[in-house]
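The values are calculated or read from the model by the stated rules, or taken from the named source; none is laboratory data. Since we're looking at a predicted model, the values are computed, not measured. Note: ideal-geometry Cβ built from the backbone for every residue, glycine included; neighbour counts use all protein chains shown. The protein model used for the area step is the full one, side chains on, heavy atoms only, and it has no ligands, DNA or RNA in it. Shrake-Rupley method; radii C 1.70, N 1.55, O 1.52, S 1.80 Å.
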Amino acid sequence: MKVIFRINYRTVPGQSVWIRYSTQAGCVDRHLELHWLNESQWEGAIEVDGTGRMLIEYLYQMRQESNGVALDEWQGPRLVDVDLMKNDVVILMDTWCSAGTVDYSFETQAFRAMQPSHGGFQNVNRPPQANHTFRLRMAAVPDGLAPCLLGNTRELGDWDRNASVPLFEVAPNVWEASLDLAKGKEIEYKYGLSERGSSHVVSLEEGVNRILVAHAFGECQWTQVSDESYARDPATLFRGAGVAIPVFSLRSDDGLGVGEFADLKGLADWAQAVGLKLIQILPINDTTSSWDWTDSYPYSAISVFALHPIYLRIDELSVVVSQEVLQQIDEIRAGLNLLGKVDYEQVMRLKSRLTRDIYQVNSAEIRGGAGFRDFLADNFTWLVPYAAFCVLRDAYGTADFGQWDGWAVYERGRVEAILDEGNEYSNEMFYHFWLQFELDRQLDDAVAHLHACGLALKGDLPIGIDRQSVEAWSAPHLFKMDAQAGAPPDAFAVKGQNWGFPTYDWEMMRRDGYAWWRARFARLSRYFDAYRIDHILGFFRIWQVPSDQVEGIMGYFDPAQPISIAEMRERGIPFKLERYCKPYVRDACLLERFGEREGEVKERFFRELGDGGYELLEAFSTQRRLVDYFSARPHEIEIQQGLLDCVSEVLFFEVKGSDGAFFHPRCLMQMTRSFQALDVEVRQRFEDLYNDYFYRRQEDFWQARGFEKLPSMRRASPMLLCGEDLGMVPACVPGVLRELGILSLEIQRMPKSSKTEFVDLRSAPYMSVVSPSTHDMSTLRAWWREDPAVVARFVRESFEGLSAEPELSGEMASEILKQHLGSPAMWAVFPLQDLLAIDERLRHPDPEAERINVPAIMPFYWRYRMHLSMSELQGADEFNRRVGRLIADAGR
């Protein structure tokens, strides 16, 4: 029997389409290159022998010659059951299965609380005379309706809207109908929606008619047509609105100076009442490293699995809390809840003391509880190293495991032996197990409440891990511990960012199929329906800062294709290692940076060179050495910063181990005095080389890196993925995200194109999230004050006939919200502060007090709290009516 594969897939030169197939289930180990039919179709055939029925398993794969990409279509192998006795030829007419099809987004957890259930699936037997089977993938089918077929033949209803062919759901979101169609006729058809149990068509899909030549191969006995998506009217696509706020920022009368998981239930009640569909929060993993305010940074977790104890509501523990403890809480609660911001250190000390007291009284009951034992068994793999890390951190007074004497190197058997009765740390281990058990229980309860309200919960996945964390201790082979992750310079951090996190050893992670990532996503999916991938650009390339440097501007992209000396010479650049790779320091720059202290600085930190320049003494030759030196001299911060700037006066970084053969250009080299001192002609050649390096040569290379990693991340969980793709975005990123169904982030005042100053939200892609601000930015009201000229241009471009006022009015804030709500994007998510901006009586009197983070300041104290309690927000009737009207009027 001949099996013919024909796939609808639009390719570009350099791409080919292959079939991976097998006639034995579970082993798609054969490969067949298809041949090109036209710009949007490929075809190939195989011969199979045997008798009876055969199950053919196959999937399509796109291969790209330029960078070695081999991309499997989404959703795993297809299965087709064929009868070798009845069929001489089988034609499989397929459409490329892309995760970017909206139906796959509608199948994620984010939509489960909102989608109607269609009941059980139907076992539809193919009629003996049928020679065509139509299969359609369609999720989120409106309640009371079902897909149907309508076309230009008698069998397809002859375009009679009362004579459609119903499709039946044979698997989740897979609909099917089998027909006997006349041979040799060109068939035009469309899918539509009909009332369940009726042949009446309510609506037909958009676009031109689909075309099929029945029995295009004369001897064919059976054809299966698989269509991957219903051509929806864009106006009918789901569009939802959400609110973004950190859990620690929530304020309630029941809290203890900080937002807690239980407060999410009150937020959900309010969100449901005004018509929101999603709540977005910041990372909630444990960050307890130093036991001081610097631990407030939510992106620097000591464990990617453990939840933060600060979010525990002590009044709602699973064990009985004594009246004495409850009284203590009541006495302290009022004072903490009056504070305008989170007092991180006081809250952590209080909760630690109270939970330890409660555990000591109830430890026997806790350890004997069935729920606790089940939780420990289910999470043993990550709980044990996490608890051991916490115990040793506190025992040694530091999270720097390099200082833990005999425990500096993780040994699984030795760590697990701590649980043995009689071990000095055993009881403390179980205390940390219990905290995680209670946190899991309370968060699970809050999530169930959100779902009952028809709301999805969106989490946040940090790009990095803390250098002093459980993962760095227990699995250092997965990370490059001698590197630091960060971000290149941008408008919000002109010297770049250095987060201090080690970078990933992706090659090591690839060897086990990214098992660490898959476990991480599986844990996240227990709580979250969607998540934001922080700095998703890091999966294409990460901004890497050498360990001996401090500022982000001293970094470069890894991986990246460097510049060779040979290439520079070909471009007519006379390369000089000392001139281009060493700090360029002259009298003028020292005078400008240090003023009247120039002579003192020269004497203390520099050695004069014979060419009129200066070289930093070896003890001060790197930024790390300078920071260490000045750590005991805080009164000389201005000298420190001036010297850091001197170190960054370079044009290129030599690639480690290349013996002076390969280099990375320093980002924004054009701003250095070193660059400005070059001849005009050399500057232009450097400029051309710089633009080629950052904006052209890496694109294919980085695309391949994204396709290597992100499909595994996408498949690892049923959550809806949203990428934070801001900053210096490679041109290849949007296409990769589209193919994988990962939503992009569109910020109105942070366009991704240099050709525009503000994003036109009307052109936002459907597969995106639009938002007026992020936690790393000033709120709308604070931004309004920052640069009146920029705000004036924004108003002039966005609102015809209006002019900017000194303060953002509630009316103007409403107009900005309307722009976001009216965009085509799947989600419009608003920081709570920007929602409150529409009500001039209700909003915070000081916009600056609403700032969550300033990226340029490291470390920053993350302590913003709502100035309203949840009960006050729920009772703000006029504000809530206005928000509800805005959402309803926009059709969200």
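Points to keep in mind about this one:
- Residue check for S303: open to solvent by less than 70 Å² (accessible area, probe 1.4 Å), at pLDDT 95 or above and more than 21 Å from G255 (Cβ to Cβ): yes
- Selection from segment 156-170 of residues that are touching a residue at least 24 places away in the same chain (Cβ under 8 Å), more than 10 Å from V201 (Cβ to Cβ) and open to solvent by 30 Å² or more (accessible area, probe 1.4 Å): P166, F168, V170
- Total residues in segment 27-75, condition under 25 Å from R705 (Cβ atoms) and of a type in the set (V, I, T): 2
The rows are residues; the columns are (1) at pLDDT 95 or above; (2) open to solvent by 10 Å² or more (accessible area, probe 1.4 Å); (3) of a type outside the set (A, V, I, L, M); (4) not in a strand (DSSP E or B).
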| position | (1), (2), (3), (4) |
| --- | --- |
| T223 | no, no, yes, no |
| A235 | no, yes, no, yes |
| V243 | yes, no, no, no |
| S252 | yes, yes, yes, yes |
| G259 | yes, no, yes, yes |
| I279 | yes, no, no, no |
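- Any hit, segment 461-474, residues being more than 23 Å from the chain's Cα centre (by Cα) and either closer than 27 Å to R892 by Cα or among the hydrophobic types (A, V, I, L, M, F, W, C) (or both): yes
- Residue match in segment 562-580 (condition: among the hydrophobic types (A, V, I, L, M, F, W, C), touching a helix residue (DSSP H, G or I) at 6+ places or on another chain (Cβ under 9 Å) and under 24 Å from A493 (Cβ atoms)): no
- Hey, Q75 modelled with pLDDT under 90, out of contact with any strand residue (DSSP E or B) (no Cβ under 6 Å at 6 or more places or on another chain) and under 30 Å from Y21 (Cα atoms) or not: yes
- Any hit, segment 577-586, residues being open to solvent by 30 Å² or more (accessible area, probe 1.4 Å), assigned to a strand (DSSP E or B) and touching an Asp or Glu at 6+ places or on another chain (Cβ under 8 Å): no
- Selection status of D295, touching a Ser or Thr at 6+ places or on another chain (Cβ under 7 Å) and part of a helix (DSSP H, G or I): yes
- Tabulated pairs, segment 408-431, first under 25 Å from R356 (Cβ atoms), second aliphatic (A, V, I, L, M) and assigned to a loop (DSSP other than H, G, I, E, B), C-beta under 9 angstrom, 6+ apart or interchain: none
- Looking across segment 708-725, just one residue is crowded, with 22+ Cβ neighbours inside 10 Å and either free of Cβ contacts under 8 Å to residues at least 40 places away in the same chain or assigned to a helix (DSSP H, G or I) (or both), and that is L710.
- Only one of the listed residues (L802, L808) is within 22 Å of Y864 (Cα to Cα) and part of a loop (DSSP other than H, G, I, E, B). That residue is L808.
- Selection from segment 139-166 of residues that are of a type in the set (A, V, I, L, M, F, W, C), assigned to a loop (DSSP other than H, G, I, E, B) and modelled with pLDDT of 95 or more: W159, A163
- Matching residues in segment 825-878 - criterion: being assigned to a strand (DSSP E or B) and surrounded by fewer than 18 Cβ atoms within 10 Å (Cβ to Cβ): none
- Filter result (under 15 Å from the mean Cα position of the chain (by Cα) and either in a helix (DSSP H, G or I) or surrounded by fewer than 22 Cβ atoms within 10 Å (Cβ to Cβ) (or both)) within segment 532-569: D534, I536, L537, G538, F539, R541
- Restricting attention to segment 457-488 and to residues that are part of a loop (DSSP other than H, G, I, E, B) and open to solvent by less than 20 Å² (accessible area, probe 1.4 Å), the residue that is farthest from L276 (Cα to Cα) turns out to be A475.
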